[in-house]
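Structure, as structure tokens:
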Amino acid sequence: MSLLVVGLSHRSAPVSVLERAALSGDARAKLLHDTLAAEPAAEGAVLATCNRIELYADVDKFHAGVAELSTLLAQHSGVGLEELTPYLYVHYEDRAVHHLFSVACGLDSMVVGEGQILGQIKDALAVGQDLHTAGRLLNDLFQQALRVGKRAHSETGIDRAGQSLVTFGLEQLADGVDVADWAKGKRALVIGAGSMSSLAAATLARAGVAEIVVANRTAARADRLVEILTEPGSTGVAARAVEMVAVGDELTRADIVVSCTGATGLVLTGEAVETAVQGRAAPLYLLDLAMPRDIDAAAHRMPGVRLVDIESLAEASADAPMAADVDQVRGIVSDEVAAFGAAQRAAHITPTVVALRAMAADVVAGEVARLEGRLPGLDDKQRAEITQTVRRVVDKLLHAPTVRVKQLASEPGGAGYADALRTLFDLDPGTVASVSRADLNDGDVKNRGRV
């Protein structure tokens, strides 16, 4: 089995295509279930953010895997396969590992170095674990990606290059003015109460806005965000929660609006925005971080309105300077990819080595039993000494070959050593498979909750 990723992102597809291909939570779950039902795939995980949709799978056939995963992405995204195909990228085995590790470090983000992607990778793994679609390979891969991302942020200055989309978006709205100076005293409306909206609310509070109004379809989540913003020792900002039906009225009073919901349709229509700016002297600043978009793109053309959305962020980030630390992060990624590959190849041969030692133990037991039949006069001490001697001989004979084969298997191109070992010792494939299954089940138990 081999790792395969098929996906599209802001680097390969226009925002209009990404917007249409966005997956809801239910669609992701169905995509994962269908991926495992497909013949080439044994495991699956989906990484879906505002600017990427990627399907990871452990497949036994490359070409069949690419065809199947591409078809599944098209079916569940609602974008036709012929239209979607030119924007898809494919990474296989070590290149797939390299890609995810680069993503985890923020090297492939719209804003280079941003750290929010780590939370999104963590969520993708948690979903795969909950749905039991992530097995040993994807558990190991995604957990290692999280560690690599954290290492990059702790050992380098990539944070100096990277910002969150929220910070970058607010900077674009401020248009060269310091965000704190620009936001101070303004009224903000935050639509949505998920991770991105919560980050936006906290950022605006720290920037010094006078008031934050939170609107969300689930009132309890909006109330909870308000509690966090106003709790003692926090930002001290005035905050309140409203129902979604009140958004139109709040829009007329707001100076800054940040929207990031999971809605499939527009949250703010062009008509609603146009009504909100009638008769007002101050401009209305809109930041749309949703995919698909929450705010009608027609707002771009309205007088008195400044709209920054995912599409305009993508254009602005293309010219953003990259930090010198990026090269150091790339070095970390390369080293970690090599180490991950070596560990996976070494782990691949372990069941064969275990099966070999189990066969050797059976041979020792059989020979000792045969000896006892021929020499019934042996006392317990003699029998124990003979048994120990035979075991030592077998262990010494197997020690060097098994240690060496593990070393060889960890090197590039070492996957064939497990097959050679099985052939040379005529090991039962069923025994090796049973060892692999038992080891996998133990690994799954250990991996649960380790995100």
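The values are calculated or read from the model by the stated rules, or taken from the named source; none is laboratory data. Remember, it's a predicted structure, so these values are computed and weren't measured experimentally. Cβ coordinates were reconstructed from backbone atoms using ideal geometry, including for glycine residues, and neighbour counts include every protein chain displayed. Note: areas computed on protein heavy atoms with side chains; ligands, DNA, RNA excluded. Shrake-Rupley method; radii C 1.70, N 1.55, O 1.52, S 1.80 Å.
When every residue of the range 342-357 is checked against the conditions, at least one turns out to be among the polar types (S, T, N, Q), farther than 29 Å from Gly149 by Cβ, out of contact with any Asp or Glu (no Cβ under 8 Å at 6 or more places or on another chain) and part of a helix (DSSP H, G or I). Would you be able to say whether some residue in the range 312-330 is open to solvent by less than 20 Å² (accessible area, probe 1.4 Å) and closer than 30 Å to Leu137 by Cβ? Yes: the range 312-330 contains one or more residues that are open to solvent by less than 20 Å² (accessible area, probe 1.4 Å) and closer than 30 Å to Leu137 by Cβ.
Here's the yes/no breakdown for (1) closer than 19 Å to Val308 by Cα; (2) open to solvent by 70 Å² or more (accessible area, probe 1.4 Å); (3) of a type outside the set (Asp, Glu):
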residue: Gly157; (1), (2), (3): no, no, yes
residue: Thr167; (1), (2), (3): yes, no, yes
residue: Val179; (1), (2), (3): yes, no, yes
residue: Gly185; (1), (2), (3): no, no, yes
residue: Val190; (1), (2), (3): yes, no, yes
residue: Ser198; (1), (2), (3): yes, no, yes
residue: Glu227; (1), (2), (3): no, yes, no
residue: Gly233; (1), (2), (3): no, yes, yes
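On the basis of being of a type in the set (D, E, K, R), in contact (Cβ under 8 Å) with a residue 40 or more places away in the chain and either open to solvent by 30 Å² or more (accessible area, probe 1.4 Å) or not in a helix (DSSP H, G or I) (or both), does Arg306 make the cut?
For Arg306, the condition - of a type in the set (D, E, K, R), in contact (Cβ under 8 Å) with a residue 40 or more places away in the chain and either open to solvent by 30 Å² or more (accessible area, probe 1.4 Å) or not in a helix (DSSP H, G or I) (or both) - is met.
Annotation: of all residues in the range 349-389 being over 22 Å from Asp419 (Cβ atoms) and of a type in the set (Gly, Ala, Ser), the one that is least open to solvent (accessible area, probe 1.4 Å) is Gly366.
With respect to (1) in contact with a strand residue (DSSP E or B) (Cβ under 8 Å, 6 or more places away or on another chain); (2) crowded, with 23+ Cβ neighbours inside 10 Å; (3) not acidic (Asp, Glu), the lone exception for Ala13 is condition (1). Of the listed requirements (1) surrounded by fewer than 20 Cβ atoms within 10 Å (Cβ to Cβ); (2) within 28 Å of the chain's Cα centre (by Cα), Gly208 misses just one: (2).
The number of residues in the range 61-89 being touching a residue at least 12 places away in the same chain (Cβ under 8 Å), farther than 17 Å from Leu47 by Cβ and of a type in the set (Ser, Thr, Tyr) comes to 1. Sub-8 Å Cβ pairs linking a first residue in the range 217-237 that is in contact (Cβ under 8 Å) with a residue 12 or more places away in the chain to a second residue that is of a type in the set (Val, Ile, Thr) and part of a loop (DSSP other than H, G, I, E, B), at least 6 apart or interchain, are Arg217/Thr261; Leu229/Thr235; Leu229/Val237; Val237/Val209, ordered by first then second residue. Do we find that Leu251 is in contact (Cβ under 8 Å) with a residue 60 or more places away in the chain, in contact with a Gly (Cβ under 8 Å, 6 or more places away or on another chain), buried (at least 21 other Cβ atoms within 10 Å of the Cβ) and of a type outside the set (Asp, Glu) in this structure? In short, no. Scanning the range 51-75 for residues that are within 18 Å of Leu100 (Cβ to Cβ) and open to solvent by 20 Å² or more (accessible area, probe 1.4 Å) gives Phe62, Val66.
Residue-by-condition table, conditions (1) part of a helix (DSSP H, G or I); (2) closer than 20 Å to Leu137 by Cα; (3) modelled with pLDDT under 75:
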position	(1), (2), (3)
Ala365	yes, no, no
Leu378	no, no, no
Glu411	no, yes, yes
Ala420	yes, no, no
Thr431	yes, no, yes
Ala438	yes, yes, yes
Asp442	yes, yes, yes
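Is it the case that Lys30 is surrounded by fewer than 21 Cβ atoms within 10 Å (Cβ to Cβ) and either free of Cβ contacts under 8 Å to residues at least 24 places away in the same chain or touching a Ser or Thr at 6+ places or on another chain (Cβ under 8 Å) (or both)? Against the criterion (surrounded by fewer than 21 Cβ atoms within 10 Å (Cβ to Cβ) and either free of Cβ contacts under 8 Å to residues at least 24 places away in the same chain or touching a Ser or Thr at 6+ places or on another chain (Cβ under 8 Å) (or both)), Lys30 does not qualify. Against the test of being touching a residue at least 12 places away in the same chain (Cβ under 8 Å), open to solvent by 10 Å² or more (accessible area, probe 1.4 Å) and outside any helix (DSSP H, G or I), the options Leu137, Leu118, Leu107 yield a single qualifying residue, Leu107.
In the range 185-197, which residues are touching a Lys or Arg at 6+ places or on another chain (Cβ under 9 Å) and modelled with pLDDT under 95? Passing the criteria: Gly192, Ala193, Gly194. Count of the range 211-225 residues, restricted to those that are open to solvent by 60 Å² or more (accessible area, probe 1.4 Å) and either at pLDDT 95 or above or more than 12 Å from Ile191 (Cα to Cα) (or both), is 3.
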